[in-house]
1. Identify the residue in region 26-58 that is surrounded by fewer than 10 Cβ atoms within 10 Å (Cβ to Cβ) and charged (D, E, K, R) and, among all such residues, is farthest from K73 (Cα to Cα).
2. Which of the residues that make up region 35-58 are out of contact with any Leu (no Cβ under 9 Å at 6 or more places or on another chain) and acidic (D, E)?
3. Somewhere in region 68-80, is a residue under 19 Å from L3 (Cβ atoms) and either in a loop (DSSP other than H, G, I, E, B) or modelled with pLDDT of 95 or more (or both)?
4. What number of residues in region 71-85 are in contact (Cβ under 8 Å) with a residue 60 or more places away in the chain and either touching a helix residue (DSSP H, G or I) at 6+ places or on another chain (Cβ under 6 Å) or exposed (fewer than 11 other Cβ atoms within 10 Å of the Cβ) (or both)?
5. Scan region 11-25 for residues that are part of a strand (DSSP E or B) and over 30 Å from F74 (Cβ atoms) and report the count.
6. Would you check which residues across region 31-67 are more than 12 Å from A19 (Cα to Cα) and either in a helix (DSSP H, G or I) or hydrophobic (A, V, I, L, M, F, W, C) (or both) and list them?
7. Between a residue in region 54-70 that is within 12 Å of Q15 (Cα to Cα) and any residue that is hydroxyl-bearing (S, T, Y) and surrounded by 11 or more Cβ atoms within 10 Å (Cβ to Cβ), which pairs come within a Cβ distance under 8 Å, given they are 6 or more apart or on different chains?
8. Looking at region 3-25, which of its residues are exposed (fewer than 12 other Cβ atoms within 10 Å of the Cβ) and either at positive phi or modelled with pLDDT of 95 or more (or both)?
Amino acid sequence: SELACAALAHAIENQAYVAGCNRVGTDGNGLHYRGDSRIINPQGDIIATAEPHQATRIDADLSLVALQDYREKFPAWRDADPFTL
């Protein structure tokens, strides 16, 4: 799904944990939502996922130490362009 691809890309490009959340059911305009929420680690691994079409809660253990270690081993943030408003 588009949500799954976007969440994966954001986790990797931002070197961050990402929770991709989606609702379940059909809205008043007839649009169907399948749920399929997930939590992704900075390496792009899915560490928790909800069953499709199920209203539920998912949990995952996030490690700040593991995140910092990963960012030190792969310091992509050093290539970031300065940005100001």
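The values are calculated or read from the model by the stated rules, or taken from the named source; none is laboratory data. Keep in mind that this is a model prediction, so the values were computed, not measured. Cβ atoms come from the backbone with ideal geometry, glycine included; neighbour counts cover every protein chain shown.
1. D27
2. D45, E51
3. Within region 68-80, not a single residue is under 19 Å from L3 (Cβ atoms) and either in a loop (DSSP other than H, G, I, E, B) or modelled with pLDDT of 95 or more (or both).
4. Step one: filter region 71-85 for residues in contact (Cβ under 8 Å) with a residue 60 or more places away in the chain, giving 76-77.
So of that shortlist, the ones also either touching a helix residue (DSSP H, G or I) at 6+ places or on another chain (Cβ under 6 Å) or exposed (fewer than 11 other Cβ atoms within 10 Å of the Cβ) (or both) come out as 77.
Adding up the residues that qualify gives 1.
5. 2
6. Within region 31-67, L31, A55, L64, V65, A66, L67 meet the criteria.
7. Within 8 Å, the pairs are L67/Y17.
8. Across region 3-25, the qualifying residue is only G25.
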